[in-house]
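The values are calculated or read from the model by the stated rules, or taken from the named source; none is laboratory data. Note that this is a predicted model, so its numbers are computed, not measured. Virtual Cβ from ideal backbone geometry, glycine too; neighbours counted across all protein chains shown. We work out accessible area using only protein heavy atoms, side chains counted, and drop any ligands, DNA or RNA first. Shrake-Rupley method; radii C 1.70, N 1.55, O 1.52, S 1.80 Å.
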Amino acid sequence: MTALAQERPESMPEDADVSELDKTLWQAWTAMELPEGYHAEIIEGAIDVSPTGRVTHAQAANRVRRALDRFLSGGDYAAHQDTNVTHRLKAWIPDVFVGPEDLELYADEDGLGVAAKAVSLVVEVVSPGKHNQDRDRVRKRREYARAEIPVYVLIDDYDDGGTVTVLSDPRSGRADWAVVHRAPYGTEVTVPEGPAKGFVIGEEITGPRRA
């Protein structure tokens, strides 16, 4: 996505596009009141509640956001955190995403999130534990592809000493990506397209390769 869309996105898809389960989950999600330090997402037919990440998780996410903001400075796009991204009654909270600097025009009618079609890049920093790893490596990988978000970056301390995976060219019907580039920590990986094209993820963001 290299240009801002002009129309305000629809917050609710046509009935034919969503199931009764989707509608029920959406209603439950919008009514949830969680304790401080927790957030909820709707991922592949389930509400996923998780706590705020560890300090190392926050550090990596914040380094990415600050570096992206410097890279995007002076343009129409910015890096964002702590914001719902919505698509067909699904809701995700990426660790970082790139979208228009002014998100208000791209929010749903209730102001609960920004439409996925306004998002050009999402970043997830993997947390420890099988459930967390499966969420980012498998389920969110499929969900972001279905939503046709152009680029997905996965920063993973727990994959073979640390890897960065950049996925691009989403195939919505297959819930997967045509282009996957995976590299170990200590090497540089470049975002291939969109407003953040040319942005480099290297050791200054990930830290060195783990033992």
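For the reader, a short list of remarks on this structure follows.
- Antiparallel %, DSSP beta bridges [both residues in segment 121-211], to 5: 75
- Anisotropy class of segment 63-171 from Cα gyration tensor, a/c 1.5 cut: oblate
- Cα point-scatterer Debye curve for the chain, base-10 log of I(q)/I(0) at q = 0.11, 0.18 Å⁻¹: -0.49, -1.41
- Of all accessible heavy-atom area on the chain, the percent that carbon and sulfur account for (1.4 Å): 47
- Listed residues THR24, THR86, THR187, most fluctuating in the chain (Gaussian network, C-alpha, under 10 Å): THR24
- Loop-resident GluC sites (Glu not before Pro) (DSSP state other than H, G, I, E or B) in segment 59-149 with no more than 12 further Cβ atoms inside 10 Å of their Cβ: GLU109.
- Translational diffusion coefficient (Stokes-Einstein; Kirkwood radius from C-alpha pairs) of segment 19-60 at 37 °C, 0.692 mPa s, in µm²/s: 282
- Compared with the dominant Cα axis of the chain, that is its longest principal axis, helix 20-31 is turned about 80°.
- Per the Cα gyration tensor, segment 52-120 maps to an equivalent ellipsoid with semi-axes of 21, 17, 8 Å, ordered largest to smallest.
- For segment 149-211, the list of trypsin sites (Lys or Arg not before Pro) that fall in a loop by DSSP and count at most 15 other C-beta atoms within 10 angstrom reads LYS197, ARG209, ARG210.
- Largest GNM mean-square fluctuation across LEU105, LEU34, LEU154, computed for the chain with C-alpha springs under 10 Å, falls on LEU34.
- Qualifying GluC sites (Glu not before Pro) in segment 36-94, where qualification requires a DSSP coil assignment and no more than 13 other C-beta atoms within 10 Å, comprise GLU36.
- Calculated FRET efficiency for the pair LEU112/GLU36, C-beta based, R₀ 22 Å, to 0.05: 0.75
- Pairs of Cα atoms farther than 15 Å apart, segment 164-211, %: 51
- THR190/LYS23 FRET efficiency (R0 35 Å; Cβ-Cβ; nearest 0.05): 0.30
- DSSP-defined beta bridges in the chain - what % are antiparallel, rounded to 5: 80
- Per residue, the accessible area of the chain comes to 50 Å², computed with a 1.4 Å probe over protein heavy atoms only.
- Mean residue ellipticity, 222 nm, helices only, the chain: the sum of -39500 (n - 2.57) across DSSP H runs of n ≥ 4, divided by residue count and rounded to 500, is -6000 deg cm²/dmol.
- Comparing VAL119, VAL49, VAL166 in a Gaussian network model of the chain (Cα springs below 10 Å), the most mobile by mean-square fluctuation is VAL49.
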